[in-house]
Amino acid sequence: MDGFSLSPSQWLARLVGWLESINEFLGSAVSWLSLLMVLVTFLIVVLRYAFDLGWIWLQESVTYMHAVVFMLCAAYTLKHDAHVRVDIFYQRWSVRTRAWADLLGTLLLLVPVCVFIIASSLGYVAASWSILEGSQEAGGLDGVYLLKTAIPVMAGLLLLQGCALALHRLLIITGHAAMPETDTGVASEL
């Protein structure tokens with residue numbers, strides 16, 4: 001079946017799948033930095049307490065990895081409905097009402113915040129790139145400008161995932177899709 005013979009709802013479902021696959025791949029790949037971060041932290045502790053050695057760049061690398069995991073996995077976390085929230089009313093609502101709540105929350109809260117983060121961080125990131133900003137510590141890591149670039153990238157990825165979420169909820173509202181379950185098999189019961 002080619003793209004021209006698809007119904008609008010099938011085309012939207014494919015678009016949602018494609019958008020979500022970006023964050024699924026990136027989130028899965030970047031999450032491996034968590035393991036590396038633990039190993040580097042262990043190495044730092046062993047070097048410091050067993051050999052009385054330490055390097056600023058090694059310590060800063062943990063901060064860089066933590067920031068990258070946090071920022072580049074935020075959209076992955078949204079995709080898997082794993083952000084913390086209190087569902088006092090949400091869990092009792094019908095599937096369609098929950099879809100409306102998610103759609104409106106995405107359009108009225110997530111999208112404006114992401115657009116604001118992108119717009120307000122571009123000058124900050126550009127200034128950092130203009131001087132190829134590095135660590136302020138002697139022996140620290142260069143590439144602070146690369147780390148700062150993750151700020152608008154995070155917002156852009158969240159915006160993409162928000163679009164996928166909004167489109168999927170629109171498909172639910174129109175009766176063309178089912179409400180997804182969370183990874184635990186329970187639909188949002190925090």
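Read the figures in this text as sums done on the coordinates, not as results from a lab. Everything quoted here is computed from the prediction, not taken from an experiment. No Cβ is skipped: glycine too gets one built from the backbone with ideal geometry, and neighbour counts run over all protein chains shown.
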Does residue 62 qualify as being part of a helix (DSSP H, G or I), under 24 Å from residue 160 (Cα atoms) and not charged (D, E, K, R)?
no
Scope region 75-109; condition within 19 Å of residue 173 (Cα to Cα), aliphatic (A, V, I, L, M) and touching a helix residue (DSSP H, G or I) at 6+ places or on another chain (Cβ under 7 Å); matching residues:
95, 99, 101, 103, 107
Would you please name the residue that is nearest to residue 150 (Cα to Cα), looking only at residues in region 98-123 that are crowded, with 18+ Cβ neighbours inside 10 Å and aliphatic (A, V, I, L, M)?
118
Quick one: in region 124-139, of everything that is of a type in the set (A, V, I, L, M, F, W, C) and part of a loop (DSSP other than H, G, I, E, B), which residue is surrounded by the fewest Cβ atoms within 10 Å (Cβ to Cβ)?
138
For region 91-99, does any single residue satisfy the condition of being in a helix (DSSP H, G or I), small (Gly, Ala, Ser), touching a residue at least 24 places away in the same chain (Cβ under 8 Å) and closer than 21 Å to residue 178 by Cβ?
yes
Scan of region 10-36 for residues that are of a type in the set (S, T, N, Q), surrounded by fewer than 16 Cβ atoms within 10 Å (Cβ to Cβ) and part of a helix (DSSP H, G or I), ordered by number
10, 21, 28, 34
I'd like to know if region 37-48 contains one or more residues that are of a type outside the set (A, V, I, L, M, F, W, C), assigned to a helix (DSSP H, G or I), touching a helix residue (DSSP H, G or I) at 6+ places or on another chain (Cβ under 9 Å) and loosely packed, with under 12 Cβ neighbours inside 10 Å.
no
Scan region 47-97 residue by residue and report those that are of a type in the set (Phe, Trp, Tyr) and farther than 30 Å from residue 150 by Cα.
49, 51, 89, 90, 93
